[in-house]
Structures are given as C-alpha cells and as structure tokens.
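Peer 1: Can you keep this structure in mind? I'll have questions shortly.
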Amino acid sequence: MQKSHRLANKNFLSSLDISTQEVLHILDLANNFKNNNLKIELNNKVLGLVFDKASTRTRVSFQVAMSRLGGTTVDLNPTTSQIGRGEPIKDTARVLSRYCDVLAIRTFNHSDIEEYAKWSTNPVINALTDLEHPCQALADFLTIKEEFVNFENVILTYIGDGNNVANSLILCGALLGVEVRIACPKGYEPNPTVIKKAYEIYKNRNLLKITNDPYNAVSGANVLYSDVWSSMGEENQKDKKEIDFKGFTIDSNLVSKAAKDVIVLHCLPAYRSKEITDEVIEGKNSRIFDQAENRMHVQQAILFCLLS
Ligand code: CP
Ligand code: NVA
C-alpha cells in the first residue's frame, strides 16, 4: 500500500478528479475496509451532508462510513436550513466549511457543486448531480473487481438512459481501461463532453461504444448495468420515456445473450418491470445488493483519502 493516501485534488466532484492509480488505490482501501483489514480513527471529523434530492444508499452509507471512521455527520436538509430559502452557495459554502471538515453534496446542476467547491475551504464530494455520480461508479467497479479480480478483458454494457450514472461509468471505465458499451434509444446518448473526455483517456483504443441496439451491445458482455429511465427531477418525462425506452429492459432473455459469467448491476432504486425485471434483480447473476453494500466501503475509502 502506498504511503500517502491523500488525493492530488482537494475535491471529488467528478471521476475525472482522480487518476487511474488513485481509483485503484481507493478500490484497494475499500476492499481492506470491507475485510476488516484496516482500522482508521479520524478523530471526530465532521461530514456535512447537503442533499437537495432524496437518497437512501448514498446518505446512509456516508453516515455509517463516517461513524466507522470515528467521525460524525450533520444532515443539512435544505428545507430546514437556509439553503432552501435561497441563501447564496458562496455564503453557505464558506460558513459550512468553517464547521465541517468535508461536505457531501447531492444537487441538480453540476455547476452548483463546482460553486460549493470554489468557496469551501474543505473538500467537497459529489453525492450525485445531474451530470455525474462518481462515488457510485467506484462502488460499481469494486463489485466488478470482486467478481473478475482485474479489469482486463471485462466488457461492461449499460442499457438505458445516458444519464449521470452512465456518464460516471464511462469516465471511470475509461480510467480503468474497461470496454464500456452504452445502449440507449436515439436522443438519450450520454453527455458529449463526457464521451469526448473518455475517448481522450482511452487514447486510440476503441473501447467506448455507443449504440441504439441493446442486443448487439450485450453480446459477450461480462457486466450488464441498468438505471432508471427517468432520473430525479425528470418525473414529468416519465410517460414519454416509458414509450421511448421500449425494448431497453434488462430481462432474462437479454441476460441469456451476454457472456456465460455475466453479472447484473443496478445502482438502485429500481423500477421493477421497467428498466429491469424482478426475475433478473433476484436472479443468480445479480450482484445488486453486494454493489449497494460496497457503497459504504468505498465511502470509507474516499473519506479517508480526502481527510488524510
Ligand atoms: N444509488 C444511489 O445513489 O441510491 P440513493 O439515491 O438511495 O442514494
Ligand atoms: N440516475 C438516477 C440515479 C439515482 C441513484 C437519478 O439521478 O435519479
């Protein structure tokens, strides 16, 4: 294990904030936390949780991770704090970072989290924005590593909306040299800047494939991944998306077309029988609940690195 755990960047707002080596180090640490090989006391450090959207896994995994590291959390509900009243981010960030050692923020516009990071004197973690969900991607790749030991020759196929989760899988996959295929309906492709960045990271290797054909994309895949078709904040598009995403459900038939050793992941929460069937979530290929557990081990590793 390397001597210093500190990341080169102060914040973790994007998968692009960390290097390949840092991703591997975080996964290594997370694995050690999971196997009780690492006991770290952070001496009462405080994590502030600013969540403008609902959360079960991210919020609770951060709370438990912090408590396992000997720290505490403060839950900053925007409706009961002055954030909901519209206090400027630059004021909130400067004040909160005088109380809290680190902030985890879930919000809509990615530019808002960048504004928090600009004014906060302490590290800021992206707990999900409309653009990225980088903590989720780390837990996803930890789950993949547990199954396949290393990332060589792993093909990950994401079926669904080119959303925040897809964007972070693309970027983290590129850092790890994993072949990532995205199958989405026309018009729902991932963010073009993210795609461009991933191509740059992959250099000349043709390892990112965007297609509108799910069957073509699953052929030979070792990991099938799905997420909701309508993310938080897109509830008004639900009916249209359910029509547009017809044929993009991960069901047993689609799973049978993938590699024999395929595992199925979903970041949760899921709409069963929409983007994925109940049978697949509960089936033998599913690693969805290990993936959810891994959120906590990864949060411990991220916090440890940012607070070291
Ligand atoms: N996967 C995930 O981020 O879940 P929550 O919305 O429950 O945090
Ligand atoms: N794409 C989903 C992920 C939820 C964890 C959303 O943003 O709502």
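Peer 1: Exactly one of these conditions fails for residue 162: (1) outside any strand (DSSP E or B); (2) within 27 Å of residue 46 (Cβ to Cβ); (3) within 16 Å of ligand 2 (Cβ to nearest atom). Give me its number.
Peer 2: (2)
Peer 1: Another question, if that's okay. Any residue in the stretch 227-236 that is free of Cβ contacts under 8 Å to residues at least 24 places away in the same chain, under 19 Å from residue 157 (Cα atoms) and either away from ligand 2 (no atom under 16 Å from the Cβ) or surrounded by fewer than 19 Cβ atoms within 10 Å (Cβ to Cβ) (or both)?
Peer 2: We begin by selecting, within the stretch 227-236, every residue free of Cβ contacts under 8 Å to residues at least 24 places away in the same chain; these are 234-236.
Now restrict to residues that are under 19 Å from residue 157 (Cα atoms): none.
No, the stretch 227-236 contains no residue that is free of Cβ contacts under 8 Å to residues at least 24 places away in the same chain, under 19 Å from residue 157 (Cα atoms) and either away from ligand 2 (no atom under 16 Å from the Cβ) or surrounded by fewer than 19 Cβ atoms within 10 Å (Cβ to Cβ) (or both).
Peer 1: Residue 51 is checked against (1) touching a Lys or Arg at 6+ places or on another chain (Cβ under 7 Å); (2) surrounded by 22 or more Cβ atoms within 10 Å (Cβ to Cβ); (3) among the aromatic types (Phe, Trp, Tyr) and fails just one. What number does that condition carry?
Peer 2: In the conditions (1) touching a Lys or Arg at 6+ places or on another chain (Cβ under 7 Å); (2) surrounded by 22 or more Cβ atoms within 10 Å (Cβ to Cβ); (3) among the aromatic types (Phe, Trp, Tyr), residue 51 misses (2) alone.
Peer 1: Working only within the stretch 154-194, note down all residues that are open to solvent by 10 Å² or more (accessible area, probe 1.4 Å) and on the phi > 0 side of the Ramachandran plot.
Peer 2: Once the filter is applied, which keeps residues that are open to solvent by 10 Å² or more (accessible area, probe 1.4 Å) and on the phi > 0 side of the Ramachandran plot, the stretch 154-194 yields 177, 187.
Peer 1: Name the pairs: first residue in the stretch 72-89 and at pLDDT 90 or above, second residue open to solvent by 80 Å² or more (accessible area, probe 1.4 Å), Cβ to Cβ under 8 Å, at least 6 apart or on different chains?
Peer 2: Correct list of pairs: 72/44; 74/99.
Peer 1: Pairs, please: C-beta under 7 Å, at least 6 apart or cross-chain, first residue farther than 13 Å from residue 9 by Cα and among the hydrophobic types (A, V, I, L, M, F, W, C) and in the stretch 114-134, second away from ligand 1 (no atom under 12 Å from the Cβ) and not in a loop (DSSP other than H, G, I, E, B)?
Peer 2: So the pair list comes out as 119/89; 119/90; 119/93; 119/94; 127/105; 131/110; 131/167.
Peer 1: Looking at residue 35 and the list (1) open to solvent by less than 60 Å² (accessible area, probe 1.4 Å); (2) farther than 12 Å from residue 305 by Cβ, which single condition is not satisfied?
Peer 2: Here residue 35 meets the rest and fails (1).
The values are calculated or read from the model by the stated rules, or taken from the named source; none is laboratory data. All figures in this text were calculated on a predicted structure; none of them were measured in a lab. For neighbour counting, all protein chains shown are included, and Cβ atoms are generated from backbone atoms with ideal geometry for every residue, glycine included. Ligands, DNA and RNA are stripped out before the accessible areas are found, and what is left, the full protein with its side chains, is counted by its heavy atoms. Shrake-Rupley method; radii C 1.70, N 1.55, O 1.52, S 1.80 Å.
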